[in-house]
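Report on the structure given below.
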Protein chains: 6
Amino acid sequence: MANDTTFTRADGRATNELRPVRITRGFTSNPAGSVLVEFGNTRVMCTASVEFGVPRFKRDSGEGWLTAEYAMLPSSTHERMPRESMRGKVKGRTHEISRLVGRSLRAAVDLRELGENTIAIDCDVLQADGGTRTAAITGAYVALADALAYLQEQGVVPGQPLRSPVAAISVGLINGVPCLDLPYEEDSRADVDMNVVMTEEGRFVEIQGTGEHNEFTRDELNQLLDLAEGGLQELIAKQKEALAGELN
Amino acid sequence: MANDTTFTRADGRATNELRPVRITRGFTSNPAGSVLVEFGNTRVMCTASVEFGVPRFKRDSGEGWLTAEYAMLPSSTHERMPRESMRGKVKGRTHEISRLVGRSLRAAVDLRELGENTIAIDCDVLQADGGTRTAAITGAYVALADALAYLQEQGVVPGQPLRSPVAAISVGLINGVPCLDLPYEEDSRADVDMNVVMTEEGRFVEIQGTGEHNEFTRDELNQLLDLAEGGLQELIAKQKEALAGELN
Amino acid sequence: MANDTTFTRADGRATNELRPVRITRGFTSNPAGSVLVEFGNTRVMCTASVEFGVPRFKRDSGEGWLTAEYAMLPSSTHERMPRESMRGKVKGRTHEISRLVGRSLRAAVDLRELGENTIAIDCDVLQADGGTRTAAITGAYVALADALAYLQEQGVVPGQPLRSPVAAISVGLINGVPCLDLPYEEDSRADVDMNVVMTEEGRFVEIQGTGEHNEFTRDELNQLLDLAEGGLQELIAKQKEALAGELN
Amino acid sequence: MANDTTFTRADGRATNELRPVRITRGFTSNPAGSVLVEFGNTRVMCTASVEFGVPRFKRDSGEGWLTAEYAMLPSSTHERMPRESMRGKVKGRTHEISRLVGRSLRAAVDLRELGENTIAIDCDVLQADGGTRTAAITGAYVALADALAYLQEQGVVPGQPLRSPVAAISVGLINGVPCLDLPYEEDSRADVDMNVVMTEEGRFVEIQGTGEHNEFTRDELNQLLDLAEGGLQELIAKQKEALAGELN
Amino acid sequence: MANDTTFTRADGRATNELRPVRITRGFTSNPAGSVLVEFGNTRVMCTASVEFGVPRFKRDSGEGWLTAEYAMLPSSTHERMPRESMRGKVKGRTHEISRLVGRSLRAAVDLRELGENTIAIDCDVLQADGGTRTAAITGAYVALADALAYLQEQGVVPGQPLRSPVAAISVGLINGVPCLDLPYEEDSRADVDMNVVMTEEGRFVEIQGTGEHNEFTRDELNQLLDLAEGGLQELIAKQKEALAGELN
Amino acid sequence: MANDTTFTRADGRATNELRPVRITRGFTSNPAGSVLVEFGNTRVMCTASVEFGVPRFKRDSGEGWLTAEYAMLPSSTHERMPRESMRGKVKGRTHEISRLVGRSLRAAVDLRELGENTIAIDCDVLQADGGTRTAAITGAYVALADALAYLQEQGVVPGQPLRSPVAAISVGLINGVPCLDLPYEEDSRADVDMNVVMTEEGRFVEIQGTGEHNEFTRDELNQLLDLAEGGLQELIAKQKEALAGELN
C-alpha cells in the first residue's frame, strides 16, 4: 500500500474520525418509531411501522417478519434525481440498498419473540452526502427499538424481540489511505469502498467491499476492518445514548 | 344552512383560525430553494431545483417552465401507505395534487422573465394531518422565491421572474359550520371540502370545492370563500415574513 | 374586468348559449346503461355497468359503490394521441378527470339504497372539441339512471338509489368576457377555465376554477357561476327529457 | 366430418350468409379517415391518422410505414372488461390482433408510393359480438382509402399508395358445419375458428385457423376457405360501394 | 406462380428437406420434463413444470390447464436484443408466439384426464436461426410427454392425459418456390411465411399463413400445405423416436 | 467457533473442495463470446456481445463501457419461478446480482483500451443449484476474453483491454464449519454466506459476506477468506486452461 503520508481530508477530519453524528428520536409522530439520523450533512428519516400479520411465507410460523425500503428524495442530491414512482421503476441501487437494510435490521430482532407481526422499516434520505445506507441502518435500529418498546407497552408482542444494537459505517481507500465514514466527495473517488454492519458484540452482520476502481489486498482489507470496528463502537455508543434519553 | 351553534373544534381553535404555521427556509442545502412548512402537525418539505433547458414543447420559445411533483412518504400517515415506486404506479390522487401544485406555482412566476430554464418543485410530505396540498403550495412559493433569487445572483435568469405571493388554504363545512384549515380528523368527515389558492392581490388562482358527502349552496360557497380569504392573507404575511429574514 | 364589448364567438353563439346538446340512450347494448352525449362536436360514449359485490373497503357495510373511468380514444383529438395502454401509464389529466367524474356521479346515487353492488361508469371520448369532462358527467347521469332502472327491474337493488339529476358545464373568461360551454379553440386560450357540477336543486357538487393564464376576482367568479347555473338548468332539462323518452 | 344436417343458426342465417354489414364513412372528423363498421351487433370505429416522418428503421428509405392498434372499450363486452391502461399492461390477445391488423393493412398500401409518412390505424371496438378483428380490418381499409385520398389532395403523398381492397372474415365449424361470419355465441363454441384476409384479386394476405377444441382435416379446411372466399367477395363489394359514395 | 427453376438453397438442402433435427431429453433436471430441441442452428430449451391447482376460471371444473411462455434470450439473435424484463414490457411478437404454443400444446393433452393440475410450458430460445416457434412446439410436446409420465408415476394424475404427438413446421415461398423449414436468412426474405401445427393423424391444430410481402393464391397454399405435411410426419417420427429412448 | 468435527457434506466433498467445474467455450454462435459454465449442477450461459458506441455518460470520453444482466430462466429452479418479463418488474435480487456481475467484470477490462465500445454481458441461469452468481462471473470472464479477442481480430478495439482473470466463489459456515462452493441445499441453511471475487494476483474485487442467520467473528471471516482464496486460484487455473484450448 502506497499511503500518501501528506494526506489530509477536505473536512479536516482524522482518517479514523466519524463525522458529527446526531440521532433525533420522535422525529415524526405517526409511525411507532421515527428517527432523524445525521452523519455530517447526510440526513435520513428512519421509521418503523407495525403491520399486524405476516407475509404469506411466514404465515402460521409463529414468527414475525421485518421488511425495509430505502429511497432518496429527488431533491436530496446535488443534482435533482428523477422520482422513481414517476419512472414506474425502482433502480437497481435502490433495491440493493433496501435489501441490505432489511438483512441488517433482521439481525437486530428475534423474529420468534415478535409474534406474527411485521415491522416495516422506511429509510428516506432527505439530504445525501455519502454514507446514506450506513446512516439508514444506524438510525433504523433506534426507530426499531422505539417501535418494539411501543408494541410491548401495547401488549401486542409476546416476548423480548429486540436484540443488541446493530450499526453500519463506510470505510474506503482514498489515495491508498484507509479512511472512515466517507462523504460524497471522497466516496466518488475512492479506490475501494466498503460498508460494514456490526453488532455491539463485534460480530459482523454484513461486509460489502468493492474495488471497482482498484482491487485491494488482504492487508488493506484488514486495515479497513480495524478502522470500521472503531467507528462502529462509537456509533453503537451514540445509539445507546439516544435510547437512554427521553422520547420526545 | 343548519349551523350547529354549540360547535367546538377538537383542537379548540376558532372556526376562522389557522393552525400554527411555521416556515423554515434553507431546510436542506442541495436544492436552490428548500423549505420545511408546517401547518400544525402537517409537515411538508418543499424544494425548488433548477434544470437548464426546457421541455420540448417550450423549446425555442424564449420562455421557461415549472413542473411540480407531490408525494407522501409511506410513513407520513397514521397507517403506513405502500410506496408508489414499489407499486410501479402513481395514484390518481398524487397526480391530481401534483398538477394542482404545478398550476398554482406557475401563477407565481413570469415564464418569459425566466429564460429557457426549468424549475422543478418537489413537495414531499413528511407528516400528514390534513391540508398537505395547501401547505405544499404555500411552502413551495417560498422555496421558489429562494431559488429564483439564487438564479439571479448567478446571472442565469435574464429578468425578474418572481411574481407576488401565492398561498393556499382549505376550508370546509363541518356539521354545517364553515371552518378554516381542516386537520385530518375534520377533513375526513367534512360535508364540503374546498381548497383555495390566491395571490396577494386577492385574485384567485384556483378554487376546488367538492361536496361529495353533501352538496353546497351558493350562500355556503360565499361563506367559505370569505373564510378562506382571511386565512390566505395571514398565510401570505407569514410567507413575506419568512422571506424577509436571513436564509440559513 | 376589461370586457371586450365587440366580442363575438367563432361559432356565433351568444356568451350564455350552450352548443347543441344531444343525448342518445341505448347507444350500445351490452352495458346496463349506455348513452352517447354530444355537446357540439364533442362526443362521449358513457356507460354504466353493474358488478356484483363491492370493493374491500365497503365490504359488509350494506352500502354500494360507484367508480368511474374517463379516457380519450387516440384518434379523438386533432393530432392523434398515444394510447395510454401502450405507454403502460395513465396520464395525470386522465386520472384527475376520472376522479372528478366518480365524485360527481356518487352525488347522484344513494349508496345505502344500492345494496352491496358496484356501478362502473366508463366515459370514452370518441371526438374531442372541449368540454369532454362536462359532457361525460352529464351523459353518465343518464346512463346511470338507465342502469339503476334495469337493476330495479331485475330485483337486484333493494331501494331507490337514484338521486336527482347532476350535470356539468364549463365556463370561462375569453378576453375578459364570461362565456358558457367552451369548445377547444376557446378553452385553449381562456384566461380562466371553470367546471361546475350541480344538482337539479341548484346545489354545487363540485366547482373547479383555474386561472393559470390569469387569476380572477371574486366578482368574475360570481359572473361565471351565474352563467354556469343557467346552462346547467338547461342541461338538466335535456337529461330529464331524454329519460322521459322510450329507451331504444 | 359428421355434419349435423338439422343445424340452424340462432339468428336464422344461412351458413354462407354474412350478418348485415354497414360501413359509415366520416364517422368522426379529426382523423384523416374515420369509419364505423358494423357486422351485425359488432361495431368498430376504425380511423387512419397521418404522422409525418417514419419510425427509425425506415428513416431515409424513401418509404413510408403503417402501424395499427386494436383495442376493446371496457364496456364493449357483455361483462365489462378491465381497462388495459389501468392494468398498465396490454393483453396478449390485444397485441396479437393489433399485429394482424397491421400486417393486413400494409398489404393494402404501397409503402414506396407513400413517401416517408406514417399511417396510424386505430380500431376501437364499441360493441363486441364476435368477428371484431375481421370487422376492424374491413373497416380500416375504407378509413385508409379516405386518409390516402386526403393526403393526395394535400399534395403530401408523392404517388398512388392505395392498393386494391383487403377485407377479412371469420369462418368456423359449428357442430361440424362450416359457417360464415360467427357471432360471439357461435365463436365461443366453435370447434374450429378461422380468420381469412384476402385481396380483391382473391389472393390471401393472411390465414389463421385454430382447432383448439378439435383439430380439422384438409378437407374441412377447403370447405372453410370456399365459404370465406364467397363472404370476402361480398365484403369487398360493400367496401367499394361505400367508397363510391359521398364522404359525409 | 413464377417458380425459379434454377433455385438452390443457401445450405444446399432440397426444398422439401428439414434441417438436421435433434431432440435431447432430460436437458436440465429441475422441471418434470426438459428438452433441448435443435432445428439446424435454432436451439430451444423446452420445459414442462407442474403446478398443483388450476387458474380461477378452471376451479372446481375437475379439469386441468396448460399455459405456455416463449421467450428469446437477449444473446440468442445475431444482434443482441434488449431483455424484456428490463424494458418492463413483453413485446407483441412474444405474446403472439406464447399464445400459439399454448393452444398447440393444449391440443396434445386431454384436460379432463389431467385432473386439477396445471402444466406450465416454457420455451426459451438459446440460439435463433428461424423457425423458433415451430421448434418450440415440437420440443415442448416431448417435454410434456415426460412431465405427464412423471406425474402418472407419482400417482398425481388420475387418467391418461397425453394425446397423440403434435409438431410444427414452417414453410414459405422463396422467389416463388415453396420451401420447407426456413432458416432466418430465408425467412426474412420470404414472400409468404406459414406455420403449420399438426397431429400425428394429419389433422391441423393451427395454420398461420402470412403474405405481408406478397399475397398467395389458393394453389400456392395447397403446395405449401403438402410440403408441410411431409415435414411434419418426419418430425413426429423424430418425437416418437426420442420418446422411445431412455430418459437421461 | 463451535466446529462440528463429525461434519460431512451431502455430496461427500471436502470442505475446501470445489464442485466439478466445466467451462465450454463457443456454446452458442451469435454473440462475440459465449460460454456455458457449470459448477456441479449449476449451469449458466454467459455471453459477451458488442455494441458500438457507449452510454451517454461515457460519450466523448474515449473510454468504453461494460454492462451486465443476470437472470434465471423460470424453469431453472426446483419450483418454477414466475418470469420477470411477465410480472413487468425485475426483482431486487436480480438487480443486485446484475450489478455485482457488472462491477466484477469491469475490473477485468481496461476501459481506456476498449475505445468507445460497449460490452454487454448476459448471464442466464439454465439450471440453479447454488452459486449461480459466482459461476456467472467466472464464466463471463471467459466469454469476455473471447469477445475481446474477436474485436481485436476485427480491428475494432484500439488497445489491449483484457486484464488478468477475475473469478468468484461462495464460501459459508455450515453448522459452524467453513465450506467452499455451497450448493443450494447448503446455501439455504448456511449461518453465514459470502461471495468473494478476486483477480489472479490475489487482489479482491468484491467481498460480500452476510450473516443474516448468525453473525460472524473476525476470526471466522479470516477462515472463510482463506478457503475462498484457495478455491479462486483453482478456478482461475480452469479459466486459463479453457482459454488456452481451441475455440469450437
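Numbers for the structure displayed
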item	result
Any hit, the stretch D:224-241, residues being closer than 19 Å to E:V197 by Cβ and at pLDDT below 95	no
Set E:P165, E:P161: member being touching a residue at least 12 places away in the same chain (Cβ under 8 Å), buried (at least 18 other Cβ atoms within 10 Å of the Cβ), under 23 Å from E:V21 (Cα atoms) and more than 10 Å from chain D (Cβ to nearest Cβ)	E:P165
Count of the stretch A:214-234 residues which are of a type outside the set (A, V, I, L, M) and at the interface with another protein chain (Cβ under 9 Å from one of its Cβ atoms)	8
Filtered residues of the stretch C:95-117 (kept if of a type in the set (S, T, N, Q) and at pLDDT 95 or above)	C:S98, C:S104
Checklist (1) within 22 Å of the chain's Cα centre (by Cα); (2) farther than 27 Å from A:P20 by Cβ applied to A:R218, failing item	(1)
Tally, over the stretch C:8-41, of residues that are farther than 29 Å from C:L148 by Cα and of a type in the set (D, E)	2
Only one of E:V205, E:V142 that is within 15 Å of the chain's Cα centre (by Cα), on the phi < 0 side of the Ramachandran plot and either in a strand (DSSP E or B) or within 13 Å of chain D (Cβ to nearest Cβ) (or both)	E:V205
Some residue of the stretch C:163-179 being modelled with pLDDT of 95 or more, over 27 Å from C:F7 (Cβ atoms) and not in a loop (DSSP other than H, G, I, E, B)	yes
Any hit, the stretch A:68-86, residues being on the phi > 0 side of the Ramachandran plot and surrounded by fewer than 17 Cβ atoms within 10 Å (Cβ to Cβ)	no
E:A120, sole failed condition from (1) at the interface with another protein chain (Cβ under 10 Å from one of its Cβ atoms); (2) under 25 Å from D:R103 (Cβ atoms); (3) at pLDDT 95 or above	(2)
Every residue from the stretch C:39-77 that is closer than 25 Å to D:A143 by Cβ, without any contact (Cβ under 8 Å) to a residue 60 or more places away in the chain and not hydrophobic (A, V, I, L, M, F, W, C)	C:P74, C:S75, C:S76, C:T77
Search result, residues across the stretch C:55-75 that are of a type outside the set (A, V, I, L, M), within 9 Å of chain D (Cβ to nearest Cβ) and either in contact with a Lys or Arg (Cβ under 8 Å, 6 or more places away or on another chain) or in a strand (DSSP E or B) (or both)	C:E69, C:P74
Residue count for the stretch C:201-229, restricted to those that are open to solvent by 40 Å² or more (accessible area, probe 1.4 Å) and either of a type outside the set (S, T, N, Q) or touching a strand residue (DSSP E or B) at 6+ places or on another chain (Cβ under 6 Å) (or both)	9
Criterion: in a strand (DSSP E or B) and of a type in the set (K, R) - qualifying residue of E:R22, E:R80	E:R22
Residues satisfying the stated conditions in the stretch D:87-101, i.e. open to solvent by 40 Å² or more (accessible area, probe 1.4 Å) and over 14 Å from the mean Cα position of the chain (by Cα)	D:R87, D:K89, D:K91, D:R93
Matching residues, the stretch A:17-38, being free of Cβ contacts under 8 Å to residues at least 24 places away in the same chain, in contact with an Asp or Glu (Cβ under 7 Å, 6 or more places away or on another chain) and open to solvent by less than 30 Å² (accessible area, probe 1.4 Å)	none
Test set (1) closer than 27 Å to A:I121 by Cβ; (2) among the charged types (D, E, K, R); (3) within 14 Å of chain C (Cβ to nearest Cβ); (4) under 17 Å from the mean Cα position of the chain (by Cα) - B:R43 fails condition number	(3)
Tally of residues being modelled with pLDDT of 90 or more and either open to solvent by 90 Å² or more (accessible area, probe 1.4 Å) or assigned to a loop (DSSP other than H, G, I, E, B) (or both) across the stretch B:40-54	3
Subset of the stretch D:192-202 [touching a helix residue (DSSP H, G or I) at 6+ places or on another chain (Cβ under 9 Å) and not hydroxyl-bearing (S, T, Y)]	D:V192, D:D193, D:M194, D:N195, D:V196, D:V197, D:M198, D:E200, D:G202
Filter result for the condition that a residue is among the basic types (K, R) and more than 14 Å from chain F (Cβ to nearest Cβ), over A:R19, A:R106, A:R93	A:R19
Selection count, the stretch B:1-22, where residues are out of contact with any Lys or Arg (no Cβ under 6 Å at 6 or more places or on another chain), more than 25 Å from B:R218 (Cα to Cα) and either among the hydrophobic types (A, V, I, L, M, F, W, C) or at pLDDT below 95 (or both)	3
Qualifying residues in the stretch E:171-200 (those that are under 17 Å from E:K238 (Cβ atoms) and within 14 Å of chain D (Cβ to nearest Cβ)) - the one surrounded by the fewest Cβ atoms within 10 Å (Cβ to Cβ)	E:E200
Test: E:A149 is more than 14 Å from chain D (Cβ to nearest Cβ), assigned to a helix (DSSP H, G or I) and surrounded by 19 or more Cβ atoms within 10 Å (Cβ to Cβ)	no
F:V125 vs. criteria without any contact (Cβ under 8 Å) to a residue 40 or more places away in the chain, open to solvent by less than 10 Å² (accessible area, probe 1.4 Å) and of a type outside the set (S, T, N, Q)	no
Given (1) among the hydroxyl-bearing types (S, T, Y); (2) assigned to a loop (DSSP other than H, G, I, E, B); (3) over 20 Å from D:R83 (Cα atoms); (4) within 14 Å of another protein chain (Cβ to nearest Cβ), number of the condition C:S29 does not satisfy	(3)
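Residue-wise test of (1) touching a residue at least 24 places away in the same chain (Cβ under 8 Å); (2) outside any loop (DSSP other than H, G, I, E, B).
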position	(1), (2)
D:G209	no, yes
D:N214	yes, no
D:L227	yes, yes
D:G230	yes, yes
D:L235	yes, yes
D:Q239	yes, yes
D:L243	yes, yes
D:L247	yes, no
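The values are calculated or read from the model by the stated rules, or taken from the named source; none is laboratory data. Bear in mind that the values here come from a model prediction, so they are computed numbers and not experimental data. With ideal geometry, Cβ positions are generated from the backbone for all residues, glycine too; neighbour counts draw on all protein chains shown. Each accessible area value is taken on the protein alone, full model and side chains, heavy atoms only, with ligands, DNA and RNA left out. Shrake-Rupley method; radii C 1.70, N 1.55, O 1.52, S 1.80 Å.
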